[in-house]
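Colleague: Before I ask anything, here is the structure I am working with.
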Amino acid sequence: MQITAVLLALIPATMAWQYEHGPTNARKAPFGSTNTPCRKSFHPENTMFHWDRDPSEDCCLYLWSNSACSGSAVASTCSDWTKVSVNNFYAYKVQNC
């Protein structure tokens, strides 16, 4: 009984979003339930990325062509999205959660 309680405590209560990227989705950005600040994360062109969010959340993914998230995002989505990148991306933010 105690082991079950410990295991349940380790499971996140909510996962509003998850962003997977890199060759065969090898690297996973941390999943979350809130906005994130700009995070450096190299995503090479011609590799798959996958954005998944809970339908009850309004979280959106924004991707930048620089590592400082300066200027306008070069790609963004609020809906679930699986794509092959056509450009290098160097940073991302999750907003509107």
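Colleague: Are any of the residues in region 62-70 closer than 14 Å to residue 19 by Cα and in contact with a strand residue (DSSP E or B) (Cβ under 9 Å, 6 or more places away or on another chain)? Walk me through it before giving the result.
Modeller: So in region 62-70, the residues closer than 14 Å to residue 19 by Cα come out as 62-63.
Remaining after also requiring in contact with a strand residue (DSSP E or B) (Cβ under 9 Å, 6 or more places away or on another chain): 62-63.
Yes, region 62-70 contains a residue that is closer than 14 Å to residue 19 by Cα and in contact with a strand residue (DSSP E or B) (Cβ under 9 Å, 6 or more places away or on another chain).
Colleague: Here's a follow-up. Residue check: is residue 65 modelled with pLDDT of 90 or more and either over 17 Å from residue 96 (Cα atoms) or of a type in the set (Ser, Thr, Tyr) (or both)?
Modeller: It is true that residue 65 is modelled with pLDDT of 90 or more and either over 17 Å from residue 96 (Cα atoms) or of a type in the set (Ser, Thr, Tyr) (or both).
Colleague: Looking only at region 66-76, count how many residues are among the polar types (S, T, N, Q) and surrounded by 15 or more Cβ atoms within 10 Å (Cβ to Cβ).
Modeller: Looking only at region 66-76, we keep the residues that are among the polar types (S, T, N, Q), and these are 66-67, 70, 72, 76.
Remaining after also requiring surrounded by 15 or more Cβ atoms within 10 Å (Cβ to Cβ): 76.
Of the residues in region 66-76, 1 are among the polar types (S, T, N, Q) and surrounded by 15 or more Cβ atoms within 10 Å (Cβ to Cβ).
Colleague: Need pairs with beta-carbon distance below 8 Å; first residue touching a residue at least 12 places away in the same chain (Cβ under 8 Å) and within 14 Å of residue 95 (Cα to Cα) and within region 41-60, second surrounded by fewer than 16 Cβ atoms within 10 Å (Cβ to Cβ) and charged (D, E, K, R); sequence gap 6+ or separate chains.
Modeller: The qualifying pairs are 51/80; 52/80; 53/80.
Colleague: Here's a follow-up. Go through region 1-60 and count every residue that is small (Gly, Ala, Ser) and at pLDDT 85 or above.
Modeller: Taking region 1-60 as the starting set, the residues that turn out to be small (Gly, Ala, Ser) are 5, 9, 13, 16, 22, 26, 29, 32-33, 41, 56.
Subsequent filtering for residues that are at pLDDT 85 or above retains 16, 32-33, 41, 56.
Going through region 1-60 one residue at a time, the tally reaches 5.
Colleague: Something else now. In this structure, does residue 56 turn out to be assigned to a loop (DSSP other than H, G, I, E, B), surrounded by 12 or more Cβ atoms within 10 Å (Cβ to Cβ) and more than 14 Å from the chain's Cα centre (by Cα)? Reasoning before the result, please.
Modeller: Details: assigned to a loop (DSSP other than H, G, I, E, B): yes; surrounded by 12 or more Cβ atoms within 10 Å (Cβ to Cβ): no; more than 14 Å from the chain's Cα centre (by Cα): yes.
Here the answer is no, as residue 56 does not meet what is asked.
Colleague: Of everything in region 65-91, what is assigned to a strand (DSSP E or B) and in contact with a Lys or Arg (Cβ under 8 Å, 6 or more places away or on another chain)? Give them in sequence order.
Modeller: The initial filter retains those residues of region 65-91 that are assigned to a strand (DSSP E or B), namely 75-77, 81-84, 89-91.
Across region 65-91, the qualifying residues are 90, 91.
The values are calculated or read from the model by the stated rules, or taken from the named source; none is laboratory data. Note that this is a predicted model, so its numbers are computed, not measured. Counting neighbours? That spans all protein chains shown, and the Cβs are built from the backbone with ideal geometry, glycine included.
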